[in-house]
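The values are calculated or read from the model by the stated rules, or taken from the named source; none is laboratory data. In this text the structure is predicted, and so the values were computed from the model without any measurement. Here the Cβ positions follow ideal geometry from the backbone for every residue, glycine too, while neighbour counts run over all protein chains shown. Surface areas here come from the heavy atoms of the whole protein model, side chains and all, with no ligands, DNA or RNA. Shrake-Rupley method; radii C 1.70, N 1.55, O 1.52, S 1.80 Å.
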Amino acid sequence: AAESACRIALGQVNQVRPKPPLLKILQAAGAQGETFTLKEVMHYLGQYIMVRQLYDKRQQHMVHCGGDQLGELLGLESFSVKDPSPVYDMLKRNLTSAAV
Ligand SMILES: C[C@@H](c1ccc(Cl)cc1)n1cnc(-c2ccccc2)c1-c1c(C(=O)NCCN2CCN(C3CCCCC3)CC2)[nH]c2cc(Cl)ccc12
């Protein structure tokens with residue numbers, strides 16, 4: 001109890017550890033370190049899409065990731081940011097809890 005309270009105090013909880021293929025993508029978007037909050041993972045994935053210009057300039061909610069490492073991880077050619085489920089499924093496969 002004391003230790004978990006300490007972790008909460010230090011903001012250690014809800015950190016996740018991306019697996020290597022996902023970590024590489026986050027680092028390409030400027031991420032430092034090996035554990036992140038889910039919010040940070042989403043931020044860096046968004047940055048990655050922007051930097052790699054993977055979003056459709058005309059339909060800006062569409063992401064065309066076929067041929068990119070992101071598409072490999074998602075197992076998709078394209079997806080809409082309006083339907084985050086494929087991204088959450090990918091994160092379930094590529095994040096481990098860093099709590100321990
Ligand atoms: C709600 C949020 C979201 C977040 C998670 C999910 Cl699974 C879906 C949706 N979202 C809404 N549009 C986007 C987006 C759209 C196009 C290009 C880049 C990001 C995002 C994404 C963010 C993000 O951190 N978003 C901050 C504000 N965004 C507004 C859109 N802005 C751009 C839109 C295209 C034109 C340039 C600005 C960038 C900042 N992170 C993501 C990561 C992925 Cl795997 C997919 C999409 C996003």
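Among what's in segment 29-42 and is surrounded by fewer than 18 Cβ atoms within 10 Å (Cβ to Cβ) and part of a helix (DSSP H, G or I), pick the residue that is nearest to the ligand (Cβ to nearest atom).
MET42
What's the total number of residues in segment 48-57 that are open to solvent by less than 70 Å² (accessible area, probe 1.4 Å) and more than 7 Å from the ligand (Cβ to nearest atom)?
Total satisfying the criteria: 3.
Which pairs do you get when a residue that is farther than 19 Å from ALA28 by Cα and β-branched (Val, Ile, Thr), found in segment 66-88, comes within reach of a residue that is at pLDDT 95 or above and in a loop (DSSP other than H, G, I, E, B), reach meaning Cβ atoms under 6 angstrom, with the pair 6+ apart or on two chains?
Matching pairs, first to second residue: VAL81/HIS61.
Among the numbered criteria (1) exposed (fewer than 13 other Cβ atoms within 10 Å of the Cβ); (2) in a loop (DSSP other than H, G, I, E, B), which one does LEU76 miss?
Condition not satisfied by LEU76: (1).
Please state which one of LEU70, LEU26, LEU22, LEU45 is within 13 Å of the ligand (Cβ to nearest atom), over 18 Å from SER85 (Cα atoms) and buried (at least 18 other Cβ atoms within 10 Å of the Cβ).
Values: LEU70 fails: over 18 Å from SER85 (Cα atoms); LEU22 fails: over 18 Å from SER85 (Cα atoms); LEU45 fails: over 18 Å from SER85 (Cα atoms).
Of the residues listed, the single one that is within 13 Å of the ligand (Cβ to nearest atom), over 18 Å from SER85 (Cα atoms) and buried (at least 18 other Cβ atoms within 10 Å of the Cβ) is LEU26.
Which condition breaks for ILE8 when tested against (1) of a type in the set (A, V, I, L, M, F, W, C); (2) open to solvent by less than 70 Å² (accessible area, probe 1.4 Å); (3) at pLDDT below 95?
Just one mismatch for ILE8, condition (2).
Out of VAL13, VAL63, which single residue is at pLDDT below 95 and not in a helix (DSSP H, G or I)?
So the residue among VAL13, VAL63 that is at pLDDT below 95 and not in a helix (DSSP H, G or I) is VAL13.
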